[in-house]
C-alpha cells in the first residue's frame, strides 16, 4: 500500500510522538509498504531545531526506506499558549503545498497524527481528492490538555473549539488512540457518529529493553557511587508534569545521603526547574540531557525508582509514553494519577505494577517515595515482575504494530 503519514513530529526525535511515529513509518516500510511522511524538522523536547536542520526551509530525505518531507515551522524559545498556537498553525500552513502535491501520488491511506488537529482539514480534503482512506491517530487530545492546564478559558471559544474538534473527527474514515480511556473519550467526542475507533497503544521493544542489574555505565559516567539509590524522572521537562513536586520531595529527603534524584531530559520548563533547584540549595538533584536510544537500557538499569508525574486532570488526556519503557525494564514506578484515569485503573487492575498517589499532593508523593525506598532495602531483587509481564503481554512492539497493520488493511479494503 501507499501510506502517507502527516504529523508534526517524527524521528530522529527520541521522546514522545516523534519517537513512535518514526518507528511506525520505519516498520511499515520494512513490511513492504510504500511510506511517505510530511513532518517538521526535529525540535522536541528542546524547543530548538536540531543541528543539521533549519526551521524555515523545506527539505526531503530518505531514512529506513521512508521518504520524508520536512516543512518550515515557527519554534518559540519559550512556548506560551499564543506562541504554541502560532507554532501549530505555521506547520499546518507550510505543509499544505506538500500535502496537496500528494494528490498525484494517490496514497491508499493518509494517517494524521494528533497533535496537531490543525492538520485534520487538509487531510480530509486530500483524501477526498485522491480517493484515499483517512485515519486520525490521537497521541494527545491537545484541546483537552490545554484547557485542563488552564491554558485556555472556558466559554464561547471553548465550546466552539470542541465543536470543530468533533466535526473533524467525525469526518475521518477511522480513528485510533493509545489508551482505553482515550478510546472512551474519543467515542464521546464523536457524538454518536459511526466512525470506527480502535485501540493502538504505544509500544516497547521488550527484547531490547529488559530487566538488567548492570548499572555501571551511568554510575561511572555521572560519578554516582554504587551504594546510592537512584530516583529518576526521564522525559519531557514541561509544564504539564508539575515537576516542582519532585524538587520538594528531594528537599525533604536531602538529609538522606544515600538517595540521589536525576532529572533526565529537556523541555519548556527545564531552565525554570534548574533555577528553582539552585534556589532551594538541592545538592541531591542532578539534571542531564536526553540520552541516545542505544544507551536507554543502561539508563533504565541505574534507576531504582522511576517517576511518572503529571498535574491533576492531565493523566486521562495524555498517557505518558515513558511508562512503557519502565514496565519493560521491570522497574518500580511512582505514578501521580487520579483513581478513575487510565493510569489509576491500570494500578487497580494489576496490583504491584506501580504505586499510585493523587496528583499535586507533595506530602503523599514524598511519603510514598520514602516507603518505596525502604522496600528496596528489604528486597533481594529490585525487578518488578508484574510490570515486566504486563509489558510482554500487552506492549510488545511487533504485536502492536502487527495489529495496527491489519486494521490498515481492513480500512483500505472498505468501500
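What number of residues within the stretch 233-269 are without any contact (Cβ under 8 Å) to a residue 60 or more places away in the chain and within 27 Å of residue 50 (Cβ to Cβ)? So the count comes out to 4.
Residue check: residue 221 meets all listed conditions (1) modelled with pLDDT under 95; (2) surrounded by fewer than 15 Cβ atoms within 10 Å (Cβ to Cβ) but one, namely (1). Picking from residues in the stretch 156-184 that are within 21 Å of the chain's Cα centre (by Cα) and part of a loop (DSSP other than H, G, I, E, B), the one that is nearest to residue 125 (Cα to Cα) is 178.
Scanning the stretch 13-32 for residues that are touching a helix residue (DSSP H, G or I) at 6+ places or on another chain (Cβ under 8 Å), under 27 Å from residue 100 (Cβ atoms) and part of a loop (DSSP other than H, G, I, E, B) gives a single hit, 13. In this structure, does residue 282 turn out to be modelled with pLDDT of 95 or more, touching a helix residue (DSSP H, G or I) at 6+ places or on another chain (Cβ under 7 Å) and farther than 26 Å from residue 339 by Cβ? So residue 282 fits the description; yes. Scan the stretch 276-295 residue by residue and report those that are in a loop (DSSP other than H, G, I, E, B) and under 25 Å from the mean Cα position of the chain (by Cα). Within the stretch 276-295, 289, 290, 291, 292 meet the criteria. Considering (1) modelled with pLDDT under 95; (2) in contact with a helix residue (DSSP H, G or I) (Cβ under 6 Å, 6 or more places away or on another chain), the lone condition that residue 390 does not fulfil carries the number (1). Looking only at residues that are within 19 Å of the chain's Cα centre (by Cα) and part of a helix (DSSP H, G or I) in the stretch 185-218, which one is modelled with the lowest pLDDT? Step by step, filter the stretch 185-218, then rank; the result is 185.
A quick yes/no check of all residues on (1) touching a residue at least 12 places away in the same chain (Cβ under 8 Å); (2) surrounded by fewer than 23 Cβ atoms within 10 Å (Cβ to Cβ); (3) over 30 Å from residue 31 (Cβ atoms):
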site: 304; (1), (2), (3): yes, yes, yes
site: 325; (1), (2), (3): yes, no, no
site: 338; (1), (2), (3): yes, yes, yes
site: 349; (1), (2), (3): no, yes, yes
site: 364; (1), (2), (3): no, yes, yes
site: 367; (1), (2), (3): no, yes, yes
site: 398; (1), (2), (3): no, yes, no
site: 401; (1), (2), (3): yes, yes, no
site: 408; (1), (2), (3): yes, yes, no
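Count of the stretch 55-87 residues, restricted to those that are farther than 23 Å from residue 23 by Cβ and either in a helix (DSSP H, G or I) or touching a residue at least 40 places away in the same chain (Cβ under 8 Å) (or both), is 10.
Only residues that are over 15 Å from residue 393 (Cα atoms) and free of Cβ contacts under 8 Å to residues at least 12 places away in the same chain were counted in the stretch 177-208, giving 5. Within the stretch 18-52, the set of residues being free of Cβ contacts under 8 Å to residues at least 24 places away in the same chain and buried (at least 20 other Cβ atoms within 10 Å of the Cβ) comprises 22 only.
The values are calculated or read from the model by the stated rules, or taken from the named source; none is laboratory data. Not measured: the values here are computed from a predicted model. Please note: Cβ atoms are built from the backbone with ideal geometry, for glycine as well, and neighbour counts cover all protein chains shown.
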